[in-house]
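I have placed the structure first, in the form of structure tokens, so that the comments after it can refer back to it.
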């Protein structure tokens, strides 16, 4: 199970002046029954409502646990605009707000090589990530555009699990998808509190990797790696390969 922000992708999330235009286009496509004025009003409401979350993600791609769920924010915005707030509409809007990353963010050095090494070892890779707008479908789009999807077997996000890490729901859902008991799982992530500690509590092996973070003073992880190439070596050593 592999985390994304700070593990496969950089910690910082770049924002651009064109983000608003991009989201307007995507929301308009997701809600073709709305005219441009209503799309403008809805997107403006969504962006204003999520500003605290966006500012937090400008610091880190990790989603802070204090941010209100995107589904709640979207449903509230839709209701304010006099629009239906059923689950399907909320899901369409959330995916529309999840701007693709391929043209704005490169994977961290060694990310593709790590995924390739995991595949060469005969292991399955499940992405297990805290997210805000993105669900598994949005992530699949990202990884396809980045040329990494062929190395990934499944994707589980906090949106899909209904809870943010360190809640065990993300890991438990990932185990169900993989069909693997905890003692046969290795969690790779950059956050002691979000990745390592909950994985250890479930009986999983762990690797703390810090390619985009300061070296940790200490860790309970089974192995600590400064970059993703060393992470691959640590995984091979852990498996006795």
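A few notes on this one:
- Residues of region 144-169 classified as under 12 Å from residue 2 (Cβ atoms) and touching a strand residue (DSSP E or B) at 6+ places or on another chain (Cβ under 8 Å), total: 5
- When residue 118 is tested against (1) farther than 30 Å from residue 240 by Cα; (2) surrounded by 20 or more Cβ atoms within 10 Å (Cβ to Cβ), only condition (1) is not met.
- Here region 74-102 is the region considered, the condition is being free of Cβ contacts under 8 Å to residues at least 40 places away in the same chain and assigned to a loop (DSSP other than H, G, I, E, B), and the residue that is surrounded by the fewest Cβ atoms within 10 Å (Cβ to Cβ) is 82.
- Region 136-154, residues that are at pLDDT 95 or above, more than 26 Å from residue 87 (Cβ to Cβ) and assigned to a helix (DSSP H, G or I): 149, 150, 151
- Note on region 193-227: residues that are in contact with a helix residue (DSSP H, G or I) (Cβ under 8 Å, 6 or more places away or on another chain), surrounded by 14 or more Cβ atoms within 10 Å (Cβ to Cβ) and within 22 Å of residue 164 (Cα to Cα) amount to 11.
- Qualifying positions in region 103-121 - assigned to a helix (DSSP H, G or I) and more than 17 Å from the chain's Cα centre (by Cα): 113, 114, 116, 117, 118, 119, 120
- Residue 70 being without any contact (Cβ under 8 Å) to a residue 40 or more places away in the chain, surrounded by 15 or more Cβ atoms within 10 Å (Cβ to Cβ) and outside the structural domain of residue 151 (by TED's automatic domain parsing): no
The values are calculated or read from the model by the stated rules, or taken from the named source; none is laboratory data. All values derive from a computational prediction rather than experimental measurement. Glycine gets a Cβ as well: all are built from the backbone with ideal geometry, and neighbour counts include every protein chain shown.
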